[in-house]
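In what follows, a single structure is set out as structure tokens and then discussed.
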Amino acid sequence: MVAPSFAVLVGTAILTCLFMAWVLGANSNSPPFAPAIGANAISTMRAAFVIGLLAAAGAIMQGGSISETVGAALIDGVAITPLAATAGLLTAATFMAVGIYTRYPIPAAFATTGAMVGVGLSLGGDPAMATYRQLGTFWLLVPIMSGGLAYVTAVALRRDDIPEPIAIPLLAGIVGAIVANVRLGVIPDPTAEQGSLAGFVGRQLGGGPTLFAGADLGTVLATIGASALWFYWIRRRVLVSAEDGIRVFLLVLGGIVAFSSGGSQVGLATGPLENLFRVELGLPGIALLAIGAAGILAGAWMGAPRLLQATSREYAQLGVRRSIAALVPGFIVAQLAIALGIPISLNNIVLSGVIGGGLAGGSAGVSRRKIGVTIGFWLLTLVSSVVVGYGLYQLFATVIG
């Protein structure tokens, strides 16, 4: 017999998780499709509909690693209780709401990580220093990776000696090769919980000797085949009409980044409930991810259109080529973070990509003051969310007992 007080706590924690996922769906998944809207490749309402579906699919198929990190790897020695999870999620959601009100993009990963560290310490846990070093290193590298890749991509797209019928399809081929190796929960793999399309096709081809990075010959051939298909498809579209071909690639790119966003963001909402669902309730992880996906889907459909209209105007000023230069690194870095189980904020990645792409055309239009204020806001979020999460759990524990 489940105690009524425990049932109330569980229900409250789930509702808080849904609210956090709704906020993420409404705000953190919009940037990928904003360039396509700015380029008139898709309407705002249709984009919001597609974003919701793709982000929810990404949440279910790729969200497990981030959820486990947020739920179990940020603090040592204690398990996150339903009350602590509620306090952490309320703290993170409040910081997100402040960001929306002040119009400064607060990284959800910073707010959630800080909040969960705070409630974990309040429970009497010990700091997970090894995890913090890994997170800190990756977060510091995000602007360098995303901005650097965007800069190189933007420079290549601006070069007169690299015609667009070659540059754009080559970029598409690189993206296609990465997509083929993205690990998904719906693809079986004999040695892992998630498999990749290239790995699955490679096994059907007979595998073969291992060549490099653990990839066998069949996987390498499948990757090359996927890259060639993407190259051929986009090149045909670009040869017919350069602008239309670029818009199509921008639309596809927005779709895979939105999918990656769902996989990288859902864990910020579901992670605090990992111990509750897996240990106390004995439910499979997919049940928790489904709740997070439902919240992201609702948030995208209900809240994304207004934000999409605003951000699409900004991307329209960037132009389609600089938008592509910003989104390609966003996809690559997001997938790397998912593979490593590191919580990240897509807004942070895309903003770094926009800055890197902008620097390729000169520093004009890149406000150093706004960059500095934004970084300061992010650091303040990380530190203050620890304090607020710690204090809020203490308050809840004192009042509720």
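The values are calculated or read from the model by the stated rules, or taken from the named source; none is laboratory data. For clarity, every value in this text was computed on a predicted model and none was experimentally measured. So basically every Cβ, Gly included, is an ideal-geometry build from the backbone, and we count neighbours across all protein chains shown. Side chains included, ligands, DNA and RNA excluded: accessible areas come from the protein's heavy atoms. Shrake-Rupley method; radii C 1.70, N 1.55, O 1.52, S 1.80 Å.
How far apart, in nanometres, would the label points at residue 192 and residue 79 be if each is projected 7 angstrom from Cα along the Cα-to-Cβ direction?
That separation, rounded to one decimal, is 2.9 nm.
Using a 1.4 angstrom probe on heavy atoms only, work out the carbon and sulfur share of the accessible area of the chain in %.
Working: 11690 of 17410 Å².
Within the chain, the accessible surface is 67 percent carbon and sulfur.
State in Å² the accessible area per residue of the chain; use a 1.4 Å probe, count heavy atoms of protein chains only, and round to the nearest integer. Each step should come with its number before you reach the end.
Working: 17410 Å² over 401 residues.
Dividing the accessible area of the chain by its residue count gives 43 Å².
Using a Gaussian network model of the chain with C-alpha springs under 10 Å, which one of 280, 68, 243 is most mobile by mean-square fluctuation?
Comparing 280, 68, 243 in a Gaussian network model of the chain, the most mobile one is 280.
Treating the beta-carbon of each Lys and Arg as +1 and of each Asp and Glu as -1, no other charges, what is the dipole magnitude of the chain about its Cα centre, to the nearest 20 debye?
Numbers: 19 positive and 14 negative charges, 217 e Å.
Dipole about the Cα centre, nearest 20: 1040 debye.
For the chain, what D do you get in µm² per second when you plug the Kirkwood radius from alpha-carbon pairs into Stokes-Einstein at 25 °C and 0.890 mPa s?
Working: Rh = 21.6 Å.
Approximately 114 µm²/s, per Stokes-Einstein.
Got a sec? Which residues in segment 11-26 would a label at residue 101 touch, if it sits 7 Å along Cα→Cβ and we count backbone N under 18 Å?
20, 23-24
How do the peptides 50-61, 189-200, 163-174 rank, highest first, by the average count of neighbouring beta carbon atoms within 10 Å per residue? Mind dumping the intermediate values first?
Values: 50-61: 25.1, 189-200: 16.3, 163-174: 18.7.
Highest mean packing first, the order is 50-61, 163-174, 189-200.
Using only alpha carbon pairs under 8 Å that are at least six residues apart, calculate the relative contact order of the chain and give it in whole percent. Walk me through the intermediate numbers first.
On the way: 752 pairs, mean separation 150.1, N = 401.
About 37 percent, as a whole number.
Just 263, 245, 63 to compare: in a GNM of the chain, with alpha carbon springs under 10 Å, which one fluctuates most?
Maximum fluctuation in the GNM of the chain, among the listed residues, is at 245.
Could you check the simple spin-label distance between residue 339 and residue 6, using points 7 Å along Cα→Cβ, in nm with one decimal?
Reported label-point gap for residue 339 and residue 6 is 4.1 nm.
Of 186, 214, 229, which is farthest along the charge dipole of segment 162-277 in the positive direction, counting Lys and Arg as +1 and Asp and Glu as -1 at C-beta?
Farthest towards the positive pole: 229.
May I ask which residue of 331, 83, 59 lies farthest towards the positive end of the charge dipole of the chain, with charges of +1 (Lys, Arg) and -1 (Asp, Glu) on Cβ and the Cα centre as origin?
331
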